[in-house]
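*Asks:* Before anything else, here's the structure in question.
The values are calculated or read from the model by the stated rules, or taken from the named source; none is laboratory data. These figures come from a predicted structure and were not determined experimentally. Cβ: placed from backbone, ideal geometry, glycine included. Neighbour counts: every protein chain shown.
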Amino acid sequence: MKNGKIGYAVAGLGVGVSHVNAAATNPKSELIAVCDLKQDRLNAVKANNPDVTTCTDFGDLLANPEIDIISVALPSGLHAEYTVRALEAGKHVLCEKPIEITVEKALKIEEARVRTGKKVGVIFQMRSNACMLPFKNAVDEGRLGRLILATFSLKWFRDQNYFDSSGWRGTWAMDGGGSLMNQSVHSVDLMQWLMGDVESITSTIGVYNHNIETEDLTASILKFKNGATGTFVSSTCITPSRSVYLQVYGTEGLIEVENDAIKTWKVRDMAEGEEEEMIKTYGGGNFSAVSSNPTLLTGHTAQVNDMIDAVLEDRDPQVMPLEAIKAVKIITSAYESARTGKTVYLG
Ligand SMILES: NC(=O)c1ccc[n+]([C@@H]2O[C@H](COP(=O)([O-])OP(=O)(O)OC[C@H]3O[C@@H](n4cnc5c(N)ncnc54)[C@H](O)[C@@H]3O)[C@@H](O)[C@H]2O)c1
């Protein structure tokens, strides 16, 4: 704590800048320190936050008693190592998505959380999109009837420089995959959040238009435990980028979201004018999903604020590790299916 406020630190200053901005503007927290290996990124944050301490050694954050929460926004394959170190040093952690690139590594975070009694939140900011709560409530209340089909797709474009400028991207060791693990993990999370547990997945993947080792295009067919079917397409080589689509169909209707905006709302027992009202309220969206500018990721602010409140109120943060691991399990199963040419049953 510092000056009666939660002491906040951020490690990794790519998307981590959105954590910095949120912590610096929250009246209940004080931005104490930032850590990155790149001096230019440290300098850029310092220019906007003159009182912040900068460092290149994560250990400096751990040794600082004023720091209560550390945002871990490092390359994905480092999340477990650095999150566990922070927990063992007595810090709470807000970890970027994906929680880790394998289930085994992600479970180390959960094990350390339980052992240390510290809090771990995981970023899945798309859950905070305004349209998602009414979508989730309608599904849970059975307003679509029995769920039969989910068709989800994320067809984006990332140029080669996106991969070359941060060497960990597009590698199995640090990114854990490509368009599915990195860009689409949000949609995979939303899909399992809405549809429930996945029973099996059959996938094909490939590198179609980049010089990377993982994949820039995947296609999957899923069976959910509730009997519904799903399809999921992800890509970073579609140019120009298309919208993100989340479409859920039941025996009594369908809800369709494009990026973060409700486009279709056909549900059971619709009140007169309900669809028009839903589209009026949630059809504009609150965030441009195709933006690559981290400072525009407003959902991060909501989750950083939630993490600060979770520590102050001694409650769980919005997204806990075991919930975040579900998307990693689905994605790694998709990769296993593509590698083996077989359907993978998730158990
Ligand atoms: N929630 C979202 O929408 C979103 C968006 C982008 C990225 N991410 C996630 O955030 C994480 C980072 O992605 P990014 O795009 O910002 O990557 P990036 O490469 O732009 O930034 C990572 C930073 O970490 C620094 N770093 C690496 N190792 C370090 C170490 N040992 N100590 C200190 N600093 C170190 C690098 O110098 C780099 O500046 C990834 O897990 C990614 O999946 C999430």
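Results for (1) within 24 Å of PHE124 (Cβ to Cβ); (2) assigned by TED's automatic domain parsing to the domain that holds GLY178; (3) small (Gly, Ala, Ser), shown as yes or no for each residue.
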site: LEU13; (1), (2), (3): yes, no, no
site: PRO27; (1), (2), (3): no, no, no
site: VAL52; (1), (2), (3): no, no, no
site: GLU66; (1), (2), (3): no, no, no
site: ILE69; (1), (2), (3): yes, no, no
site: VAL72; (1), (2), (3): yes, no, no
site: GLY90; (1), (2), (3): no, no, yes
site: PRO98; (1), (2), (3): yes, no, no
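*Asks:* Something else now. Of all residues in region 205-214, which are within 13 Å of GLY177 (Cα to Cα) and not hydrophobic (A, V, I, L, M, F, W, C)?
*Replies:* Once the filter is applied, which keeps residues that are within 13 Å of GLY177 (Cα to Cα) and not hydrophobic (A, V, I, L, M, F, W, C), region 205-214 yields GLY206, GLU213, THR214.
*Asks:* Moving on. Residues LYS97, LYS105: which one is assigned to a loop (DSSP other than H, G, I, E, B), within 15 Å of the ligand (Cβ to nearest atom) and at pLDDT 95 or above?
*Replies:* Values: LYS105 fails: assigned to a loop (DSSP other than H, G, I, E, B).
Testing whether each residue is assigned to a loop (DSSP other than H, G, I, E, B), within 15 Å of the ligand (Cβ to nearest atom) and at pLDDT 95 or above leaves just LYS97.
*Asks:* Consider ASN286 carefully, then state whether it is at pLDDT 90 or above, within 16 Å of the ligand (Cβ to nearest atom) and assigned by TED's automatic domain parsing to the domain that holds ILE148.
*Replies:* In short, no.
*Asks:* Just one of THR251, THR204, THR231 is touching a helix residue (DSSP H, G or I) at 6+ places or on another chain (Cβ under 6 Å), in contact (Cβ under 8 Å) with a residue 24 or more places away in the chain and surrounded by fewer than 18 Cβ atoms within 10 Å (Cβ to Cβ); which is it?
*Replies:* THR204
*Asks:* Right, something else. Give the residues of region 25-45 that are hydroxyl-bearing (Ser, Thr, Tyr) and either more than 20 Å from LEU62 (Cβ to Cβ) or surrounded by fewer than 12 Cβ atoms within 10 Å (Cβ to Cβ) (or both), sorted by residue number.
*Replies:* THR25, the sole residue that qualifies.
*Asks:* Separate question: I'd like to know if region 123-139 contains one or more residues that are farther than 27 Å from GLU81 by Cβ, within 16 Å of the ligand (Cβ to nearest atom), crowded, with 16+ Cβ neighbours inside 10 Å and not polar (S, T, N, Q).
*Replies:* The answer is yes, given that some residue of region 123-139 is farther than 27 Å from GLU81 by Cβ, within 16 Å of the ligand (Cβ to nearest atom), crowded, with 16+ Cβ neighbours inside 10 Å and not polar (S, T, N, Q).
*Asks:* Here is a follow-up. Condition first: free of Cβ contacts under 8 Å to residues at least 12 places away in the same chain and touching a Ser or Thr at 6+ places or on another chain (Cβ under 6 Å). Now tell me which residues in region 1-42 satisfy that.
*Replies:* Once the filter is applied, which keeps residues that are free of Cβ contacts under 8 Å to residues at least 12 places away in the same chain and touching a Ser or Thr at 6+ places or on another chain (Cβ under 6 Å), region 1-42 yields nothing.
*Asks:* Do we have GLY145 as in contact with a Ser or Thr (Cβ under 9 Å, 6 or more places away or on another chain) and within 15 Å of the ligand (Cβ to nearest atom) here?
*Replies:* No; evaluated as a whole, the condition is false for this residue.
*Asks:* Let me ask another. Quick one: VAL114 ticks every box in (1) more than 9 Å from the ligand (Cβ to nearest atom); (2) surrounded by fewer than 16 Cβ atoms within 10 Å (Cβ to Cβ); (3) not in a helix (DSSP H, G or I); (4) not charged (D, E, K, R) bar one, so which box is it?
*Replies:* Only one criterion is unmet by VAL114, namely (3).
*Asks:* Give the residue, chosen from ILE212, ILE205, that is part of a strand (DSSP E or B), more than 13 Å from the ligand (Cβ to nearest atom), touching an Asp or Glu at 6+ places or on another chain (Cβ under 9 Å) and not hydroxyl-bearing (Ser, Thr, Tyr).
*Replies:* Every option except ILE205 fails the conditions.
*Asks:* Still on this structure, I have one more. Is it true that some residue in region 48-57 is free of Cβ contacts under 8 Å to residues at least 60 places away in the same chain, within 11 Å of the ligand (Cβ to nearest atom), assigned to a loop (DSSP other than H, G, I, E, B) and not polar (S, T, N, Q)?
*Replies:* yes
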